[in-house]
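*Asks:* Have a look at this one before I ask anything.
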Amino acid sequence: MAKVAVFQTDRPRNVNKFQAAAILYGDWGTSKIYLVGLAFALAAYSSFWLVLAVSILNILVGLNYILICKYYPNGGGVYASVRHRSEILALLGAFFLLCDYMITMAIGAVSAFSYLGIDRPELWAMGAIGAIGILNFFGPRHMGNLAFLVTASGVVVVLVLAMLVLPSIGLAWDKLQPFQGGPRLAWIDFVGVVVALSGVEAIANMTGVMKLDKGSTSKNPSVLKTSTPALVAVMLEVSIFTALFSLAVNLLPGMVISGDEVSAPGYPNVRDAMLRYMGESYCAPLFAAPYCHIFGLILTFVFGVLLLSGINTALIASSSLLFIMSKDGQIPAFFSTINRFGVPKISLLLSILSTIAVLIFVHDMLSLANLYAIGFVGAIATNLGSTSTDFKLPLKPYERSFMFGTFLVMAAIELTLFIEKPHARMFVITVIAVGLLLRGLAQERRRKRGTVDLTFQTDSMARLSKEAMITQGRIKEKAIVQIPVHDYQAEVFAPEHISTGSILCAVTHVGKSLEFALQWSRMSNQKLYVLFIREQRTFIPQDEEFSWLEDQQACETFEYALSFFKEPNFTYLYTVSDHPSVNIVDYAQSLNVCNVIVGMSRRSQFWQFVRGDTVTQVFKSLPKTIDLIIVS
């Protein structure tokens with residue numbers, strides 16, 4: 001009997017420290033845009049002390065998340081890191097995070113359109129969330145590069161603004177007032193501006209896709225050289241510049257606080273666009289009015305786009321979390337249904353609609369901020385508390401004590417929010433109640449079904465075993481060298497200008513490209529590798545153990561390939577990927593093939609732009625020594 005080797009490959013790790021920092025900044029780094037104004041509305045010319053305290057807490061929490069990334073290199077988000085200790089605690093942390101993501105999207109969208117000076121920003125915010133959601137339905141791949149460009153622009157603008165305010169910071173310090181009120185009021189106001197912490201969980205959620213440190217392996221992973229620089233850079237930027245701008249507010253002219261509103265000459269409510277007003281005010285003594293106005297417009301545009309980019313980050317995180325919980329059996333299975341672009345469509349739709357529903361009832365920035373902190377503070381507290389008390393982890397005594405101490409602070413903040421913020425309390429209780437109801441429905445469904453139906457898996461295994469002896473293994477990861485390559489239109493078999501040698505055919509289903517590769521391999525007697533890619537944007541730890549025999553389309557593709565040969569002699573590769581072009585190039589180099597065969601996308605040019613065309617990305621990345629054959 002002929003032997004067919006079947007390899008189930010590892011999950012790709014392709015996020016470097018710059019990409020990780022960009023993604024983290026899109027969530028954590030945007031808080032300063034609205035925090036400075038909110039803090040001033042609460043404490044006027046003594047607001048700096050509140051922001052300074054939050055900046056210090058930012059650093060404390062950030063240092064703890066360096067440890068979490070260290071000890072959870074396959075995903076250290078609250079749900080993943082707490083799951084092995086307690087399902088209930090993991091669910092609680094997940095529900096807290098869902099609250100955070102909803103308000104992150106809502107507050108980011110409203111703040112973006114407030115900076116643009118648009119009336120009724122909440123209506124535009126709903127439209128923006130819906131539009132970004134529609135783009136995500138098609139799983140756009142260009143969003144990662146766009147996020148990096150937006151983040152870079154944001155950092156440049158923040159640095160320019162900092163250069164403008166630094167020369168006058170001494171005068172701003174002289175105008176700083178001591179905090180008015182006792183310790184209780186100071187604590188409550190501090191809790192009210194703790195929104196600067198939102199987003200730190202994003203770094204822990206990314207560890208499973210970060211590039212491994214040199215010398216580490218998928219069995220003993222380490223991502224410290226990726227996670228630590230990304231986290232430290234964003235942590236210091238957020239902490240230092242937020243405090244700096246909060247101090248610089250003291251020199252802004254004509255600031256008037258009326259209730260929750262902050263007004264200035266020419267700005268009826270500058271609270272929600274404080275940095276724009278700061279930029280124009282500090283620019284005025286140095287440059288002519290038209291240039292200051294242009295700088296204000298640049299600030300408005302960059303901060304607006306940065307906030308909208310944060311919506312995209314939170315939307316992906318929210319739908320991914322629902323997907324993971326569904327795959328884990330904690331909420332109904334339909335939340336893990338993915339479309340042909342690898343996107344969990346029901347989870348994405350719920351994330352969009354729930355955020356729009358929040359905006360229908362709550363659309364003022366201060367009101368949204370009051371709902372904000374209870375979610376992410378609860379998630380951080382759950383993660384730190386569970387990790388610091390997990391004695392199976394090799395935490396050093398000082399690390400454990402430091403983390404537990406930070407947990408106590410976060411727990412105290414969460415308790416205060418529950419007591420002092422009734423609307424926030426009702427909001428998070430509602431989300432938890434709905435989540436527990438969904439969990440109950442999922443468990444009821446599982447009980448009715450009884451044991452998992454393994455008929456398909458058993459039948460497939462039996463059919464395939466008759467045809468071939470299956471050997472399962474793993475392919476080691478390799479680096480990708482991005483060098484342009486010539487492409488060819490495959491219209492005839494074995495063209496003379498195509499190199500002879502082994503072939504890699506990448507497929508997602510049975511189609512023309514697979515048929516072409518099989519016939520060419522059979523006629524030319526060249527070694528063939530068939531790479532089946534199950535595109536899925538979101539991963540869970542269980543995907544590492546997911547067998548290709550559980551994927552019906554993969555089994556059908558394998559059976560079709562077997563039917564072409566009397567004496568099968570090809571290698572079947574199976575992978576789950578959120579970026580197929582990376583996998584195709586990676587395996588082409590790892591296997592040292594001479595030719596790569598892919599199918600031409602039938603999508604319109606518009607959707608190829610939105611999604612990112614796999615063929616084009618492979619074309620740009622393959623080495624010159626490998627020919628690319630496109631079957632159309």
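The values are calculated or read from the model by the stated rules, or taken from the named source; none is laboratory data. Just so you know, these numbers come straight off a predicted model, no measurement behind them. Glycine gets a Cβ as well: all are built from the backbone with ideal geometry, and neighbour counts include every protein chain shown. Ligands, DNA and RNA are excluded from the accessible area calculation, which covers all protein heavy atoms including side chains. Shrake-Rupley method; radii C 1.70, N 1.55, O 1.52, S 1.80 Å.
Residue-by-condition table, conditions (1) under 30 Å from Tyr65 (Cα atoms); (2) surrounded by fewer than 16 Cβ atoms within 10 Å (Cβ to Cβ); (3) among the small types (Gly, Ala, Ser):
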position: Ala196; (1), (2), (3): yes, no, yes
position: Gly208; (1), (2), (3): yes, no, yes
position: Thr217; (1), (2), (3): yes, yes, no
position: Val223; (1), (2), (3): yes, no, no
position: Met235; (1), (2), (3): yes, no, no
position: Ser239; (1), (2), (3): yes, no, yes
position: Ser246; (1), (2), (3): yes, no, yes
position: Ser258; (1), (2), (3): no, yes, yes
position: Arg271; (1), (2), (3): no, no, no
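*Asks:* Continuing with the same structure: Answer yes or no: is there a residue in the range 107-117 that is open to solvent by 40 Å² or more (accessible area, probe 1.4 Å) and over 26 Å from Ile324 (Cα atoms).
*Replies:* Looking only at the range 107-117, we keep the residues that are open to solvent by 40 Å² or more (accessible area, probe 1.4 Å), and these are 116-117.
Now narrow it down to the ones that are over 26 Å from Ile324 (Cα atoms): 116-117.
Yes, the range 107-117 contains a residue that is open to solvent by 40 Å² or more (accessible area, probe 1.4 Å) and over 26 Å from Ile324 (Cα atoms).
*Asks:* Which of the following residues is in contact (Cβ under 8 Å) with a residue 24 or more places away in the chain, part of a helix (DSSP H, G or I) and open to solvent by 50 Å² or more (accessible area, probe 1.4 Å): Pro229, Pro253?
*Replies:* Pro229
*Asks:* From the list Gly612, Gly599, which residue is at pLDDT below 85, surrounded by fewer than 22 Cβ atoms within 10 Å (Cβ to Cβ) and on the phi > 0 side of the Ramachandran plot?
*Replies:* From the options Gly612, Gly599, the qualifying one is Gly612.
*Asks:* Leu275 is checked against (1) over 19 Å from the mean Cα position of the chain (by Cα); (2) open to solvent by 50 Å² or more (accessible area, probe 1.4 Å) and fails just one. What number does that condition carry?
*Replies:* Result: Leu275 fails condition (2) only.
*Asks:* Conditions: (1) over 21 Å from Phe96 (Cβ atoms); (2) under 22 Å from the mean Cα position of the chain (by Cα); (3) at pLDDT below 85; (4) not hydroxyl-bearing (Ser, Thr, Tyr). Asp364 meets all but one. Number of the miss?
*Replies:* Answer for Asp364: the failing condition is (2).
*Asks:* State which residue is farthest from Cys594 (Cα to Cα) when the search covers only the range 512-530 and only residues that are open to solvent by 10 Å² or more (accessible area, probe 1.4 Å) and among the aromatic types (Phe, Trp, Tyr).
*Replies:* Within the range 512-530, the match that is farthest from Cys594 (Cα to Cα) is Phe516.
*Asks:* Related question: Given the condition open to solvent by 40 Å² or more (accessible area, probe 1.4 Å) and among the β-branched types (Val, Ile, Thr), answer yes or no: does some residue in the range 325-344 qualify?
*Replies:* Yes: one or more hits.
*Asks:* Here is a follow-up. Quickly run through the range 215-226 and pick out the residues that are within 18 Å of Leu24 (Cβ to Cβ) and either charged (D, E, K, R) or free of Cβ contacts under 8 Å to residues at least 12 places away in the same chain (or both).
*Replies:* Lys225
*Asks:* Going by the conditions given, is Glu559 open to solvent by 10 Å² or more (accessible area, probe 1.4 Å) and at pLDDT below 80?
*Replies:* Details: open to solvent by 10 Å² or more (accessible area, probe 1.4 Å): yes; at pLDDT below 80: no.
It is false that Glu559 is open to solvent by 10 Å² or more (accessible area, probe 1.4 Å) and at pLDDT below 80.
*Asks:* So, of the residues in the range 437-461 that are open to solvent by 90 Å² or more (accessible area, probe 1.4 Å) and closer than 19 Å to Gln330 by Cβ, which turns out to be modelled with the highest pLDDT?
*Replies:* Looking at residues that are open to solvent by 90 Å² or more (accessible area, probe 1.4 Å) and closer than 19 Å to Gln330 by Cβ, I get Leu437.
*Asks:* For Leu212, which of the numbered conditions (1) part of a helix (DSSP H, G or I); (2) under 30 Å from Ala20 (Cα atoms); (3) touching a residue at least 60 places away in the same chain (Cβ under 8 Å) fails to hold?
*Replies:* Result: Leu212 passes all but (1).
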